[in-house]
1. Considering each residue of the stretch 125-145, count those that are in contact with a Phe, Trp or Tyr (Cβ under 9 Å, 6 or more places away or on another chain), part of a loop (DSSP other than H, G, I, E, B) and within 19 Å of residue 63 (Cα to Cα), and give that number.
2. Out of the stretch 76-94, which residues are of a type outside the set (Phe, Trp, Tyr), buried (at least 19 other Cβ atoms within 10 Å of the Cβ) and part of a loop (DSSP other than H, G, I, E, B)?
3. Quick check on the stretch 101-124: of everything there that is assigned to a loop (DSSP other than H, G, I, E, B) and either in contact with a Lys or Arg (Cβ under 6 Å, 6 or more places away or on another chain) or of a type in the set (Val, Ile, Thr) (or both), which residue is surrounded by the most Cβ atoms within 10 Å (Cβ to Cβ)?
4. For residue 48, are the conditions met, namely being surrounded by fewer than 18 Cβ atoms within 10 Å (Cβ to Cβ), without any contact (Cβ under 8 Å) to a residue 40 or more places away in the chain and assigned to a helix (DSSP H, G or I)?
5. Looking at (1) at pLDDT below 95; (2) under 27 Å from residue 35 (Cα atoms), which is the only condition residue 120 fails?
6. Restricting to the stretch 56-75, name every residue that is in contact with a helix residue (DSSP H, G or I) (Cβ under 9 Å, 6 or more places away or on another chain) and in a loop (DSSP other than H, G, I, E, B).
7. For the stretch 178-194, how many residues are touching a strand residue (DSSP E or B) at 6+ places or on another chain (Cβ under 6 Å) and either farther than 19 Å from residue 105 by Cβ or surrounded by 14 or more Cβ atoms within 10 Å (Cβ to Cβ) (or both)?
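The values are calculated or read from the model by the stated rules, or taken from the named source; none is laboratory data. None of the values given here were measured: they were computed from a predicted structure. Using ideal geometry, Cβ is built from the backbone for each residue, glycine included, and neighbour counts are taken over all protein chains shown.
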Amino acid sequence: MEKESHQDAVPNPFNQGYYESEELRRFGFKSIGDNVKIAKNATIIGLNNISLGNNIRIDGNVVIVAYSGPLTLGNYIHIGGGCHLNCAGGITLADFSGLSQGVRIYSGTDDYTGKSLTNPTVPHKYLKITIAPVILGKHVIVGSGSIILPGVTIGDGSCVGALSLVTKSLDEWGVYFGSPVRKLKERSKDMLKLEEQFLLEVSSKLTQPPL
């Protein structure tokens, strides 16, 4: 039997593709910028609390829970596959920031001391939930499998290595790693020159007259 030719092949059922800005604007998000792509197999709750800037890509199997708190993404942001964002206390990612695959950000969490009950099936009066915003500054990147807990601010330019646990705020322009996370060294600021060059290039293309 002859093998099936590429011309006769059925569409790949394992690649569900992305929704793009024009279509996303019809779904009820608070705001959607230009060139936004969200994987069709992402799970997103609380669209009316989500504001997305320009040039954003959210990959497959991402879970965003924003029914009780806001998610705000700036410009040029990537969220890798399998990330989980609990937005109860609010989550903000500034321009050029990104999450590698499997990052968990919790802006709300149960009390693990045993002094209260836990999980959302229990009435609220029996719970003790910590709710506080999580903020990632410009050029922050978080490595695969890392966890960020409520109340954390990661300063501009810092990076967090894979499988790290971030329980407290981090200063700007550091390289951090560990569980709990600790600072290893300063991070280079060379990217700021590249950002300036890139944005000038983008701006010049926008101002060029059509051919």
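1. Within the stretch 125-145, residues that are in contact with a Phe, Trp or Tyr (Cβ under 9 Å, 6 or more places away or on another chain), part of a loop (DSSP other than H, G, I, E, B) and within 19 Å of residue 63 (Cα to Cα) number 1.
2. Across the stretch 76-94, the qualifying residues are 80, 83, 87, 88, 89, 90, 94.
3. Taking the stretch 101-124 and keeping what is assigned to a loop (DSSP other than H, G, I, E, B), we get 101-103, 107, 110-116, 118-123.
Keeping just the survivors that are either in contact with a Lys or Arg (Cβ under 6 Å, 6 or more places away or on another chain) or of a type in the set (Val, Ile, Thr) (or both) gives 103, 111, 113, 116, 118, 121-122.
Working: 103: 25, 111: 13, 113: 7, 116: 14, 118: 15, 121: 6, 122: 12.
Of everything passing the filter in the stretch 101-124, 103 is surrounded by the most Cβ atoms within 10 Å (Cβ to Cβ).
4. Details: surrounded by fewer than 18 Cβ atoms within 10 Å (Cβ to Cβ): yes; without any contact (Cβ under 8 Å) to a residue 40 or more places away in the chain: yes; assigned to a helix (DSSP H, G or I): yes.
So residue 48 fits the description; yes.
5. All conditions are met except number (2).
6. 66, 67, 68, 69, 70
7. So the answer is 5.
Yes/no matrix, rows are residues, columns are (1) on the phi > 0 side of the Ramachandran plot; (2) within 17 Å of the chain's Cα centre (by Cα):
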residue	(1), (2)
110	no, no
119	yes, no
144	no, yes
154	no, yes
177	no, no
